[in-house]
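To keep things clear, I will list the structure first and then write my remarks on it.
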Amino acid sequence: MDGASYLRCFRREMDAFRKCVADGDLGASIAYREEFAEPVDLAGLARAVGHSNLFTAACVTEWTGGDTPPDGAPPLAPQDRGELLRWLEGTAELLVMSLDVDPATPAWGHFTPPNAGYWQRSIAVETMLHRWDAQQAVGEGSPLDPQLASAGVSEVLEVLAPKMVGVGKAWPPDACVKFNAADTGDWWIYGPGDPVADVHGTAGHLLLMLWGRLAKDDPSLTWEGDRAVAFSVLKGPLTY
């Protein structure tokens, strides 16, 4: 997928997320909240998504070449549903304008490569995951886009997990696990040597598992080989 494709995916996923915010119970609890210090509801997730949009845009438009990230102090987000929706849409439009650039454009980033292309992929995948979170909270649900989910698996295994190992937040893998996406035909390996285990599932289910939304032994996933060793390799945290 290219940068324009990622931005189209972002718009689609943001529209679906905003529908949840427009129609759903803003007090509905978000089940997955590992990235939040406290329990969060749908309204809190909407504010977090908007702040992420603004931060991501600033990583491209405000970066001056140094090691310091953009100002991390987010502005206050509206509490009223209508104002929150308008604010959320405004942050999305700003992000699209900021990321509608050559993927090689330099940008600030936690991870390699520090360029706009990293953020084009990352924000599209992140928004899809939060759309899934929101739909789960309001009793809806639709599957993850296979191609975008496949890109998300690549991001975790090739960028995020090695970074987490590098900063000492995850153990280096001491065995190899192979991931197989049944719907896209893509596959990945994580760890040294020959695979001790294979896991099969849709790209979406693999991505949800890597991000902690699905248990490793969820029925949607099929394992072959030494599952106990594979679970140890993947105990993480592999994502930030």
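The values are calculated or read from the model by the stated rules, or taken from the named source; none is laboratory data. Here the structure is a predicted model, which is why all the values come from computation and not from measurement. Cβ coordinates were reconstructed from backbone atoms using ideal geometry, including for glycine residues, and neighbour counts include every protein chain displayed. For the accessible areas, the whole protein counts, side chains as well, though only heavy atoms, and no ligand, DNA or RNA atoms are used. Shrake-Rupley method; radii C 1.70, N 1.55, O 1.52, S 1.80 Å.
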Give me P(r) over region 1-75, computed from all C-alpha to C-alpha distances, binned every 10 Å, as integer percentages. 16, 38, 36, 10, 1
When averaged across all projection directions, what area in nm² does the alpha-carbon convex hull of region 70-120 cover? 4.1 nm²
Sites matching chymotrypsin sites (Phe, Trp or Tyr not before Pro) across region 25-69 that sit in DSSP coil, with at most 16 neighbouring C-beta atoms within 10 Å: Phe36
Solvent accessible area, Å² - Cys176, 1.4 Å probe, full protein context: 0 Å²
Connecting every pair of Cα atoms under 10 Å apart in the chain and solving the GNM, the largest mean-square fluctuation among Glu13, Glu38, Glu93 falls on Glu38
Taking the Cα of Met97, stepping 7 Å toward and past its beta carbon, and measuring to each backbone N in region 1-22: which are under 18 Å? 7-8, 11
Area of Val233 that stays accessible when all protein chains are in place (1.4 Å probe, Å², to 10): 10 Å²
Can you tell which of Val125, Gly65, Leu26 lies farthest toward the positive end of the dipole of the chain, using +1 and -1 charges on the Cβ of basic and acidic side chains (Lys, Arg; Asp, Glu)? Leu26
Before I look further, what does region 108-163 give for accessible area per residue, probe 1.4 Å, in whole square angstrom? 31 Å²
Nearest 20 debye, what's the magnitude of the dipole of region 111-188 about its Cα centre given +1 on Lys and Arg Cβ and -1 on Asp and Glu Cβ? 240 debye
Helix-only mean residue ellipticity at 222 nm, the chain, DSSP H runs n ≥ 4 weighted -39,500 (n - 2.57), per residue, nearest 500. What is it? -15000 deg cm²/dmol
Toy charge model, Lys and Arg Cβ at +1, Asp and Glu Cβ at -1: region 18-66 dipole around Cα centroid in debye, rounded to 20, equals 160 debye
Exposure of Glu62 as accessible area (Å², to 10), given a probe of 1.4 Å and all protein chains: 120 Å²
Ignoring ligands, DNA and RNA, how do Ser150, Ser29 rank by accessible area with a 1.4 Å probe, largest first? Ser29, Ser150
Could you check how much of the accessible area of the chain is carbon and sulfur, as a whole percent, using a 1.4 Å probe? 52 percent
For q values of 0.15 Å⁻¹, compute log₁₀ I(q)/I(0) with the Debye formula on a Cα-only model of the chain, without solvent. -1.09
Please list, or write none, the lysines whose alpha carbon is within less than 20 Å of the alpha carbon of Lys235, excluding same-chain residues fewer than 8 places away. Lys163, Lys169, Lys178, Lys216
Nothing charged except the Cβ atoms of Lys and Arg (+1) and of Asp and Glu (-1): what's the magnitude of the dipole of the chain about its Cα centre? Round to the nearest 20 debye. 120 debye
I need the shape label for region 64-206. Rule: rounded when a/c is under 1.5, else prolate if a/b > b/c, else oblate, with a, b, c from the alpha carbon gyration tensor. oblate
Among 97-109, 41-53, 162-174, the order from most to least packed when residues are scored by Cβ within 10 Å on average: 41-53, 97-109, 162-174
Leu85: net charge of surrounding residues, Cβ under 12 Å, Lys/Arg +1, Asp/Glu -1, itself excluded? 0
Added length on full extension, which subtracts the Cα-Cα distance from 0.36 nm per residue, Arg8 to Asp194: 63.2 nm
